[in-house]
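Only one structure is covered here, and it is reproduced in the block below.
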Amino acid sequence: MSVLHASGMGQARPAFPFAALIGQSALQQALLLAAIDPGIGGVLVSGPRGTAKSTAARALAELLPEGQLVTLPLGASEDRLIGTLDLETVLRENTVRFSPGLLAKAHQGVLYVDEVNLLPDALVDALLDVAASGVNTVERDGISHSHDAHFVLVGTMNPEEGELRAQLTDRFGLMIELENCFDPRVRQQIVKARLAFELDPQAFRARYRREQDAYVQRIVQARTAIAALDFNEAVHERVSTLCIAAAVDGLRADLVMLRAARALAAYEQAGRVTPGHVDRVAASVLLHRRHAQDDSKSLSSGRAEGNATPRKDEPSSSAAGTANAEDNHQHLSDSADWGYLPPDPVGIDTVKGVLPLRPKKR
């Protein structure tokens, strides 16, 4: 497969293999889950420059059926995104002539949006609507046209350049927060891999061909198997416990967490979805939705109830979660939306939640 930039020059270029990404296990898992079930709603990747955000998106596209990567330019118009209808043709020939936009071109592939936090809110809102529903509808003067648009939405942002409004951040299914690497050994591995790829892309890619083929096969199998997996009461209880402990708004987190856990179970060819699958996806579901938690209790509870242990090479998510909670409150106060009512505390029993840890390396 080759990755094409549909919005660029249309010139194919070799992609860095997904299997060759180093130190990005949490990001890889989130991207695979969104590829298995695009209805999860896409992945928001936040991190400083040079943390392989765009490299990972290009690498994922190569694993999908059409190997298509469509990039949304920062200055794109709504018509370029959703497509246009030729109303003159409708009036003259009584037929609808539709000019496809980037959403149509991204069907069965990856729609990559760099610096999504700098796009107009209306454009981001339209993106997220289609990513969640899988259908794009264009309406002009009472005339409408709809088409399938199943794609993996990958939005990236550098928080130093501005935040995405909390109302829009919440609509991304999963979120991963990348950090600069300060481990000398890992940095050296990453640099050596990149230099080897640039020196001879084909030879480098050949070393990972078997692993790449395995990823493709597992995604195809998981997409087929996912419909047969259901959720038992233990899974529902685990999801509710985690979402209540994180004080999330609404029920979107519950729904996304269930879908992500099911996608993970399908990817691992498990016979059923378990609370363990929920634990392993919850961090990326709750990172951008958490409002209040006691992380010390959550972590201890998570290790006891989820039978999970933190990876030595991954930082604790507690600091990120706390910072995210403060950011969310700041966004709500700054936005001053008319009609917004802050959540009202109610008298409920304290539930000991968990802050799930990222999956162990295989």
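Assorted remarks:
- At R0 = 45 Å, FRET efficiency that the Cβ-Cβ distance of ARG92 and SER54 yields, to 0.05: 0.55
- Here the spin labels are modelled as points 7 Å beyond Cα on the Cα-Cβ line, and at THR224 and ASP79 they lie 4.4 nm apart.
- Placing pseudo-labels 7 Å out from each Cα toward the beta carbon at ALA270 and GLU160 gives an inter-label distance of 3.8 nm.
- Listed by Cβ neighbour count within 10 Å, with the fewest neighbours leading, LEU81, LEU69, LEU127 appear as LEU81, LEU127, LEU69.
- Sequence ranges 169-176, 274-281, ranked by mean other-Cβ count within 10 angstrom, highest first: 169-176, 274-281
- Distance between modelled label sites at ALA247 and GLU66, nm, 7 Å Cα→Cβ extension: 4.4 nm
- Extension gain (nm, one decimal) between ARG209 and ASP121, 0.36 nm per residue minus Cα-Cα: 27.7 nm
- Note on region 4-180: Rg/Rh from C-alpha atoms, Kirkwood Rh, equals 0.99.
- Highest average packing first - 29-37, 133-141, 252-260, Cβ atoms within 10 Å: 29-37, 252-260, 133-141
- Interatomic Cα distance distribution for region 215-270, bins of 5 angstrom, percent: 4, 19, 26, 19, 14, 11, 6, 1
- Sorting LEU85, LEU27 from the fewest to the most surrounding beta carbons within 10 angstrom yields LEU85, LEU27.
- Highest to lowest packing among 187-198, 115-126, scored as the average C-beta count within 10 Å: 115-126, 187-198
- Residues TYR112, TYR215 arranged by fewest to most Cβ contacts within 10 Å: TYR215, TYR112
Readers should treat all values here as calculations from the given coordinates under stated rules, not as data from a laboratory. Every value quoted in this text rests on a predicted model; they were computed, and no experiment measured them. A quick note on method: Cβ atoms are made from the backbone with ideal geometry, for glycine too, and the neighbour counts reach across all protein chains shown.
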